[in-house]
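Report on the structure given below.
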Amino acid sequence: MNRSLTALFAAAEALLVLAIGVAIPLAIGSVLWAVHFGFDPDWAVFWRAAADLWLLGHGVDVTFTLDAALAAAIGVPGAERPVTITIALLGFAVLTVALAVRTGRRVAEAGHPLLGGLVAIGAFAAADVAVVLLSLHPAARASIVQGVVLPPLVFAIGMVFGMLTSADRADRLRERGADAGLASALTSRLPVPLARSLLAAVRTALGAAAGLIAVASLVTAVAIVVGYARLITLYETLHTEVLGGVVLTIAQFAILPNLVVWAASWLVGPGFAVGVGSSVGPFGTGLGPIPPVPVLAAIPESPGPLAWLGLVAPIVVGFVAAALAARRLPAPLGWLAVPVGLGGGALGGLAVGLLAAASAGAGGPGRLAELGPDPVQVGVWAGLEFAAAALAAFLTVRPRGRGR
């Protein structure tokens, strides 16, 4: 494509990503508006609700203010005061990143990747500003600064990753002899192999964090299956009927990534909270009344006698990630194995801590003001566990190129 077509194509792709993200809650709200409410209330209410949910999904704080009658009907202490929701519904962010990765690859393969990338991010940011401004309302007001910055940042992360991993870019790098294997060989010839050490540390960190999330996903799935009876019981107590049950089920996918990160925090050790004063961890569980979200009924009431085995997961994934990184080295690290192992563990802990921070926050008034893990504790624990495992791997695993 020429430059003009590339720019037009990139802008259209970016707008489509945003439109899909907002359209999902808007479609659900529109169905409720038509079927349940009989087209009676103003449809703009459902548009603003969809926009606020989408913004919440990207980490934007939204302040809700209920009128006096509704606050009294809810019966929750503090419901009459403005409440700021800070917990991100990460399902929307995951969707944006996934679509942005696809967009980045398509833009990179269309030609003029720098122009296309900048236009795509700019178009997404412009549309995002429109969503923020059009959704403002005294009853639900999103943070304008966060709304303008965070969604485009999430989109840009996915775009850059997609462009860097596009097949067209990989082919061009191979033609120039700049694939990963040759890059490692070149950096190994440096007098001080700082580059390959940093590469090994980054690979260890990303591998350990990704491995922990993979294990946490499996743990979350098992918990949902084991707690299925309690989950159904909570559904029945809500009396949502068929349509409400379908909407509630779809809505719970928005917090599913949060639950995976919470499970990772549990595996690391500190666990997480489901309300002020509660704690869920491998060393003990203290649960009060849980929010009326059926999937939360899958949280076990006690850790069980073999819960400590979950603490092995960060050690195992940290060791495996570091071992794979060590095997890709063309020569032993020598004394650099110590800082590389510790640095890789620290970077992995930082990544897990950032995920924990993104998954936690306030979900409402009263007890709901504290949901999710403590990111500092999770990051520190994960960093220590990853570092110990990575150090052991770099000191014991022989590089594949050692004999050459």
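Data table
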read-out: Karplus-derived 3J(HN,Hα), 6.51/-1.76/1.60, for each residue of region 344-357, Hz, glycine and proline x; value: x, x, 5, 5, x, x, 4, 4, 5, x, 5, 5, 4, 5
read-out: Projected area, mean over directions - region 91-132, Cα convex hull, nm²; value: 3.0 nm²
read-out: Residues whose placed amide H lies under 5 Å from that of ALA142, excluding near-sequence neighbours; value: THR63, HIS137
read-out: ³J(HN,Hα), Karplus 6.51/-1.76/1.60, whole Hz, each residue of region 50-60, x for Gly, Pro; value: 5, 5, 5, 5, 5, 5, 4, x, 10, x, 7
read-out: Taking the chain and dividing mean pair separation by its residue count, relative contact order in percent (alpha carbons under 8 Å, at least six apart); value: 18 percent
read-out: Relative contact order (%) - region 182-396, alpha-carbon pairs under 8 angstrom, separation at least six; value: 30 percent
read-out: Computed magnitude of the charge dipole of region 3-175 (debye, nearest 20; Cβ of K, R +1, Cβ of D, E -1); value: 480 debye
read-out: Total charge dipole magnitude, region 182-396, about the Cα centre, Cβ charges on Lys, Arg, Asp, Glu only, Debye to nearest 20; value: 860 debye
read-out: Charge dipole magnitude, Cβ of K and R +1, D and E -1 - the chain, Cα centre, debye nearest 20; value: 2080 debye
read-out: Helix-only mean residue ellipticity at 222 nm for the chain, each DSSP H run of n ≥ 4 adding -39500 (n - 2.57), per residue, nearest 500; value: -22000 deg cm²/dmol
read-out: Table column - 3J(HN,Hα) (Hz), region 134-141, Karplus curve with 6.51, -1.76, 1.60, x for Gly and Pro; value: 6, 9, 5, 7, x, 7, 8, 10
read-out: Sequence ranges 99-110, 141-152, ranked by mean other-Cβ count within 10 angstrom, highest first; value: 99-110, 141-152
read-out: Farthest toward positive dipole pole in region 182-396 [+1 Lys/Arg, -1 Asp/Glu at C-beta], among ALA326, PRO291, ILE213; value: ALA326
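Taken together, the values in this text are just the output of simple stated rules run on the coordinates, not laboratory data. Because the structure is a prediction, the values reported are computed rather than measured. Note that we place each Cβ from the backbone using ideal geometry, even for glycine, and neighbour counts take in every protein chain shown.
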